[in-house]
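As structure tokens, the structure follows; a few thoughts come after it.
The values are calculated or read from the model by the stated rules, or taken from the named source; none is laboratory data. Quick caveat, the model's predicted, so the values are computed rather than measured. As a convention, Cβ positions derive from the backbone with ideal geometry for all residues, glycine included, and neighbour counts pool all protein chains shown. These accessible areas exclude ligands, DNA and RNA; they are computed on the full protein's heavy atoms, side chains included. Shrake-Rupley method; radii C 1.70, N 1.55, O 1.52, S 1.80 Å.
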Amino acid sequence: MSASSPLVSVITPVHNGAAFLRECIESVVRQTYEAWEYVIVDNASTDESRAIAEEYAARDRRIRVLSTPALLPAVDSQNFALEQVPQASIYCKVVHADDWLFPECLARMVEAAEAHPTIGIVSAYRLEG
């Protein structure tokens, strides 16, 4: 990606998601699109979620780990995470801690958004099960 590539903020709110969090983070780190920053917000986890997130943040400067002030309901936790998106970001992608992205997800979403600037929301292909 060029220096002029739009910044994408990837957001993961997590509460006790250690069982899946590594796979989630790895899917973001492996994106073919490189102009991203990743905010992982720990919602008062009692498992190893925060430690896992901090391990990845220590390896990649694009990853930030934050915590909610207290255990929040799921919707409030997600809203708190979205409030962490910096003004420099042009796009935002929410990835829940038990989900993962295909390697070209961000690249294809940015490509679609840039090609059609009047579109307000670009979503991703989703598989369940």
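Checking ARG22 against (1) over 13 Å from the mean Cα position of the chain (by Cα); (2) open to solvent by 10 Å² or more (accessible area, probe 1.4 Å); (3) without any contact (Cβ under 8 Å) to a residue 40 or more places away in the chain, which single condition isn't satisfied?
It fails just one condition, (1).
Can you name the residue in the stretch 29-75 that is of a type in the set (Phe, Trp, Tyr) and out of contact with any Leu (no Cβ under 8 Å at 6 or more places or on another chain) and, of all such residues, is most open to solvent (accessible area, probe 1.4 Å)?
Top of the filtered list is TYR56.
Would you please name the residue that is nearest to the chain's Cα centre (by Cα), looking only at residues in the stretch 25-48 that are β-branched (Val, Ile, Thr) and part of a loop (DSSP other than H, G, I, E, B)?
THR32
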